[in-house]
Every structure is written in C-alpha cells, then in structure tokens.
Amino acid sequence: MSLAHALLTSLSEQPASGYDLARRFDKSIGFYWHATHQQIYRELARMLEKKWISQKTIPQNARPTKNVYAILEAGRRELKRWAMEESVPIELREDMFVKLRADAACGPFGLQNELERRLEIHSSRLAYYLETEKRDFPKPENLPREARLQHLILRAGIIFEMGNVSWCKEALAVLKDVDSK
C-alpha cells in the first residue's frame, strides 16, 4: 500500500485540508499506516499532478489560506484499481524475537524490563481500542455497511493487541522460569 491510497481513502470519506488529513492520520489511519505531516503534503502535491484530487483555496480571516482537497473520479478509479490488486500479507518482523534468540545463545541479558515496557504499551493500546469500540460501535450488527467495515478494522487492532499482551505475559513468565533455574 502507498500513502497515496491511504490519502485517497480518507478523501473519499470527506474532503479535507492537509492539516485535517494529518490529524485524521494521527487519530485513526495512523494506527496502521504512519505518515508525517511532511510526507502527507508531498503526496498531496503528487496526487494533484496526477489529477487524482482537486484543490480548493479558501481564504481565512487572520489565518493563512486553507487548501481543501477532494478526490476526483480519476482518484476513485485509482483507488478501485489498487483495491483490486493482490497484496502480500505483512510478514512478522520483530526485533524482540532476535533479542530473545541472542539471549538464548549468549545471555541472560535481562530483557524483562523491555518486555514489561512493551506489555504496558500494548496494554494501553488495547485499552484505547476497547474504549473506542465501546464508545463508537456499541451494537455493530445494527450499523450500516461503512461503519461495520470500520469496526472490522478496529477489531483487527483489538485482536492484534490482545495477542501482543498475551505474548508479552508469556515471555515474561518464561524468562522468570528459565532465569530462576
């Protein structure tokens, strides 16, 4: 996936300024696709050149001019073309696994603190996702298609973080057991 497709998706939901897109990334899309504000603005310029989006300049009192972007038909076609492509599922690439292998080969290194830190991060994310689910999707089966698919994405994050929390707890228990012998 490219940043352009994430931005096209966001703009297909509603037109937005670059600043608004960056805020949306920070609050939702950013949980599974990270982009800096600089990257977003660069990509918007590329998409304008390709005529996938339009730009409307809105003057503002006592503030800089605001540019609002909207998806064009060519952008919708590109988004559909991309969505229909086969994609490769993500491959697991986790440095903690390499650290544990190194610990097994020539440790102990005392990785418990790092695992506890990661457990806290994953627990916090999980709590946030669960709170969001409770607030935004109280009865998902009664929601319209768009909201049900958004809930499905949130569920993937919940399941992912549940797995991470469980694994961190298991890793800490194993380290405690093997280090006590």
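The values are calculated or read from the model by the stated rules, or taken from the named source; none is laboratory data. What you see is a predicted model; the values in this text were computed from it and never measured. Heads up, the Cβs are rebuilt from the backbone with ideal geometry, glycines too, and the neighbour counts pull from every protein chain shown. Remember, those area values only see protein heavy atoms, side chains included, never the ligands or the DNA or RNA. Shrake-Rupley method; radii C 1.70, N 1.55, O 1.52, S 1.80 Å.
Residues in the stretch 130-151 that are at pLDDT below 95 and not charged (D, E, K, R): 132, 137, 138, 140, 142, 143, 144, 147, 149, 150, 151. A count restricted to the stretch 106-131 and to residues that are small (Gly, Ala, Ser) and exposed (fewer than 14 other Cβ atoms within 10 Å of the Cβ) stands at 3.
When the helices (runs of 4 or more DSSP H) confined to the stretch 3-93 are screened for residues that are farther than 27 Å from residue 157 by Cα and open to solvent by 100 Å² or more (accessible area, probe 1.4 Å), those reaching at least 2 such residues are found at 37-49, 73-84. Looking only at residues in the stretch 132-159 that are under 25 Å from residue 116 (Cα atoms) and touching a helix residue (DSSP H, G or I) at 6+ places or on another chain (Cβ under 9 Å), the one that is surrounded by the fewest Cβ atoms within 10 Å (Cβ to Cβ) is 155. Answer with yes or no whether residue 101 is open to solvent by 90 Å² or more (accessible area, probe 1.4 Å), more than 24 Å from the chain's Cα centre (by Cα) and not aromatic (Phe, Trp, Tyr). Yes; evaluated as a whole, the condition is true for this residue.
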